[in-house]
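Inspection log for the structure reproduced underneath, given as structure tokens.
The values are calculated or read from the model by the stated rules, or taken from the named source; none is laboratory data. The shown structure was predicted, so the numbers you read here are calculated from the model rather than taken from an experiment. For neighbour counting, all protein chains shown are included, and Cβ atoms are generated from backbone atoms with ideal geometry for every residue, glycine included.
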Amino acid sequence: MQIIKTTDALAAFCERAARHPYVTVDTEFLRERTYYPKLCLIQLAYPGEAEEEDAAIVDPIEGEGLDLGPLYALFEDPGVVKVFHAARQDLEIFYVDKGIIPAPLFDTQVAAMVCGFGEQVGYETLVRKIAKAEIDKSSRFTDWSRRPLSDAQLRYAIADVTHLREIYESLAADLKRTGRARWVAEEMAVLNDPATYVTDPDEAWRRVKTRTASGKFLAIVRELARFRESYAQARDVPRSRVFKDDALVELASTKPASEKDLGRSRLLLREARKGEIADGILAAVRAGVETPSAQQPRADDRRAQLQVNPALADLLRVLLKARAEAENVAPRLIASAADLDALAGGDRDLPALQGWRREVFGDMALALCEGRVALAAKGPNVVTVKLG
């Protein structure tokens, strides 16, 4: 295992890695005190046996002047698959830093769900089941920004990519054998989309859960969420440090007009009751209240208006479980409970009716909804029976 702190050493490692069909990647980061994740380590490995050469930890904290350019060039090399486990937050770091999404991309958590390892299977589970190894968890809650790192911490970090090689090779072989590589490729679409890693302050209100569909109320929610997101991004602080969602909903309900009103809030942090945050809250509430009716946001109540047939929804759940077991794939990867309710209510614009999901489940689900098939028990299994 190498500890890389210079651009030249990183370039040499990436040059060697580029000669191989894939490289495994992981990161250690902190974001408890920041809006954007703070990169602390990058772990890399390529196929091989001599760990002092084929696995490395890149230290951007101690590597003063370290340029990640060679790594980004490797990320853009179309001949090298970039392998991650649960890649979403790792990819956000690289996209925010350089606007780069590694490609081609392979996420072993997604692949494991396709290969029958259950829903959102953890890395340690795959290490145990595929690599037949155990990970020392003693360094699990390390503050990765602190230096120096102990040998145990470094071993823990590098294990996230050395075992990943065997996991990737096993899953890739399974996907090739079953012909499901295309399924995983379809699932990579979200991770390959830059919009996945960008939160537009104008759209931040959609993330806030409310029980009120009033246009005026939602207009205030929108303005408060816009202010909070812009403030958090500009100062690189967590949005919860500005104010939390429950406080946002309270403010939208009480519509404070002064700092004195803010002082009556049960949920607002003390720091938010005065100064810049208080000014921003009061301005956002005013803007929301003054939003003309025609410009007020509308909740997406399309699903709420659906007339869901509970019995049909239950049948779809049985069908989903049967199909997932038959295909040995995680049910939630095919359809969520909300998707099944929407399908039972007549919604046809659903992921479960597209791509590989339609082949595995969607066509049968539509046939069940339309009365063209029924469900029957056949021994321990549930099967579909054509009608008419």
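Condition first: under 27 Å from SER240 (Cβ atoms), of a type in the set (Val, Ile, Thr) and touching a Phe, Trp or Tyr at 6+ places or on another chain (Cβ under 8 Å). Can you find one or more residues in the stretch 124-142 that meet it? Yes, there is a match, as at least one residue in the stretch 124-142 is under 27 Å from SER240 (Cβ atoms), of a type in the set (Val, Ile, Thr) and touching a Phe, Trp or Tyr at 6+ places or on another chain (Cβ under 8 Å). Consider ARG317 carefully, then state whether it is over 30 Å from LEU251 (Cβ atoms), outside the structural domain of ALA234 (by TED's automatic domain parsing), of a type in the set (D, E, K, R) and loosely packed, with under 15 Cβ neighbours inside 10 Å. Against the criterion (over 30 Å from LEU251 (Cβ atoms), outside the structural domain of ALA234 (by TED's automatic domain parsing), of a type in the set (D, E, K, R) and loosely packed, with under 15 Cβ neighbours inside 10 Å), ARG317 does not qualify. Of the helices (runs of 4 or more DSSP H) lying entirely inside the stretch 309-351, those containing at least 3 residues that are small (Gly, Ala, Ser) and out of contact with any His (no Cβ under 7 Å at 6 or more places or on another chain) are 310-327, 337-344. Do we find that ALA181 is among the aliphatic types (A, V, I, L, M), closer than 16 Å to PRO297 by Cβ and in contact with a helix residue (DSSP H, G or I) (Cβ under 7 Å, 6 or more places away or on another chain) in this structure? No: the conditions fail for ALA181. Of the residues screened, ARG298 is not one that is outside any helix (DSSP H, G or I) and free of Cβ contacts under 8 Å to residues at least 24 places away in the same chain. The set of residues in the stretch 63-111 being of a type in the set (Lys, Arg) and in contact with an Asp or Glu (Cβ under 9 Å, 6 or more places away or on another chain) consists of ARG88 alone.
Of all residues in the stretch 185-214, exactly one satisfies the criterion of being crowded, with 16+ Cβ neighbours inside 10 Å and more than 29 Å from PHE94 (Cα to Cα), namely THR210.
Filtered by the rule that a residue be over 20 Å from THR210 (Cβ atoms), of a type in the set (D, E, K, R) and either touching a strand residue (DSSP E or B) at 6+ places or on another chain (Cβ under 6 Å) or surrounded by fewer than 16 Cβ atoms within 10 Å (Cβ to Cβ) (or both), the stretch 263-289 gives ARG264, ARG270, GLU271, LYS274, GLU276, ASP279.
Conditions (1) under 30 Å from PHE243 (Cβ atoms); (2) touching a strand residue (DSSP E or B) at 6+ places or on another chain (Cβ under 6 Å); (3) modelled with pLDDT under 95, marked per residue:
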| site | (1), (2), (3) |
| --- | --- |
| ARG165 | no, yes, no |
| LEU171 | no, no, no |
| ASP174 | no, no, no |
| ARG177 | no, no, no |
| ARG180 | no, no, no |
| ALA189 | no, no, yes |
| PRO194 | yes, no, no |
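Specify which of the listed residues (THR34, THR27) is in contact with an Asp or Glu (Cβ under 6 Å, 6 or more places away or on another chain), in a loop (DSSP other than H, G, I, E, B) and surrounded by 15 or more Cβ atoms within 10 Å (Cβ to Cβ). Answer to the check: THR34.
Matching residues to (1) surrounded by fewer than 20 Cβ atoms within 10 Å (Cβ to Cβ); (2) within 25 Å of ALA213 (Cβ to Cβ); (3) assigned by TED's automatic domain parsing to the domain that holds ASP174; (4) among the basic types (Lys, Arg):
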site: GLU327; (1), (2), (3), (4): yes, no, no, no
site: ASP339; (1), (2), (3), (4): no, yes, no, no
site: ASP347; (1), (2), (3), (4): yes, yes, no, no
site: GLU370; (1), (2), (3), (4): yes, no, no, no
